[in-house]
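The values are calculated or read from the model by the stated rules, or taken from the named source; none is laboratory data. Note that the structure is a prediction, hence the values are computed from the model and not measured. We place every Cβ from the backbone using ideal geometry, glycine too, and count neighbours over all the protein chains shown.
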């Protein structure tokens, strides 16, 4: 069967795009490896209509709604390769099966690269977070620690002062000039120069000098990268952003390869479930448009989005 669209990745943005396409009665194959980026967290916050709902419940309910449409095929698996051209793509999965599609949507998501600090990864999504809008309110205006990882950590520390008393751990990862220090101090941010030894307990930071500081939660500005190398291997241009590497897309979610689109965290920043769903819905409409008017399939030249 030659599907109208093959969606690689069945998380929030991929499902949102798929919904627009199946409602246009287009045949869609979703191939999903089942590795949602936010699987480490328990509940969704800041997502209109789903605030405080368990993340697994949101994803499962969305999939059930999609599967009510007869033009949807859902396949659990991992894509190994994409070959061909617009209207004649071949997608090969890890188990050796091949599927044909007219358009490809990459909604593969990203992987968070965490600082190598003992105890941090074990608390990721539980008491260590990246998005204040997603997790700040639940900390009850308690003490908040920001683990220095990149220049984005400075912005993160300033932003978080609306959610609690903030301590920024430089941890050898940041260069703070006098202007930056003054700005942080005006916002009430405490700057801690000592390096972190490990993270213990709920969100307790043990420093190399032996001090132990307790927090309601910790934040870290992770560096992100596509969760698999597929985009690069099929020739899609990538770009560097302040948050990491993403697939370069134009205003219509087209990649540099005609007929291949990308949406969600892997194609735009900043990141949240709400933004991924909105971007996915718009991308689904753009893909449908490209099927109706094939002359629009060429991506805009040198147009990217950070």
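Based on this model, can you work out whether residue 147 counts as within 20 Å of the chain's Cα centre (by Cα), at pLDDT 95 or above and more than 22 Å from residue 273 (Cβ to Cβ)?
Considered against the rule, which asks whether it is within 20 Å of the chain's Cα centre (by Cα), at pLDDT 95 or above and more than 22 Å from residue 273 (Cβ to Cβ), residue 147 comes out as yes.
If you scan region 275-297, which residues turn out to be over 19 Å from residue 18 (Cβ atoms) and either out of contact with any strand residue (DSSP E or B) (no Cβ under 8 Å at 6 or more places or on another chain) or part of a helix (DSSP H, G or I) (or both)?
293, 294, 295, 296
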So if I check each of 63, 78, which one is farther than 19 Å from residue 262 by Cα, surrounded by fewer than 20 Cβ atoms within 10 Å (Cβ to Cβ) and either assigned by TED's automatic domain parsing to the domain that holds residue 280 or over 19 Å from the mean Cα position of the chain (by Cα) (or both)?
63
The lone exception for residue 172 - which of (1) assigned to a loop (DSSP other than H, G, I, E, B); (2) without any contact (Cβ under 8 Å) to a residue 12 or more places away in the chain it fails:
(2)
How many residues, within region 116-139, are touching a strand residue (DSSP E or B) at 6+ places or on another chain (Cβ under 7 Å), in a loop (DSSP other than H, G, I, E, B) and under 29 Å from residue 53 (Cα atoms)?
4
From (1) at pLDDT 95 or above; (2) under 30 Å from residue 91 (Cβ atoms), pick out the condition that doesn't hold for residue 225.
(1)
Quick check, is residue 214 over 23 Å from residue 176 (Cα atoms), in the same structural domain as residue 12 (by TED's automatic domain parsing) and at pLDDT 95 or above?
no
Among (1) at pLDDT 95 or above; (2) closer than 23 Å to residue 152 by Cβ; (3) surrounded by 23 or more Cβ atoms within 10 Å (Cβ to Cβ), where does residue 280 come up short?
(2)
Within region 40-60, track down each residue that is touching a residue at least 40 places away in the same chain (Cβ under 8 Å), part of a helix (DSSP H, G or I) and surrounded by fewer than 18 Cβ atoms within 10 Å (Cβ to Cβ).
40
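On the basis of being surrounded by fewer than 22 Cβ atoms within 10 Å (Cβ to Cβ) and either at negative phi or modelled with pLDDT of 95 or more (or both), does residue 232 make the cut?
Here the answer is yes, as residue 232 does meet what is asked.
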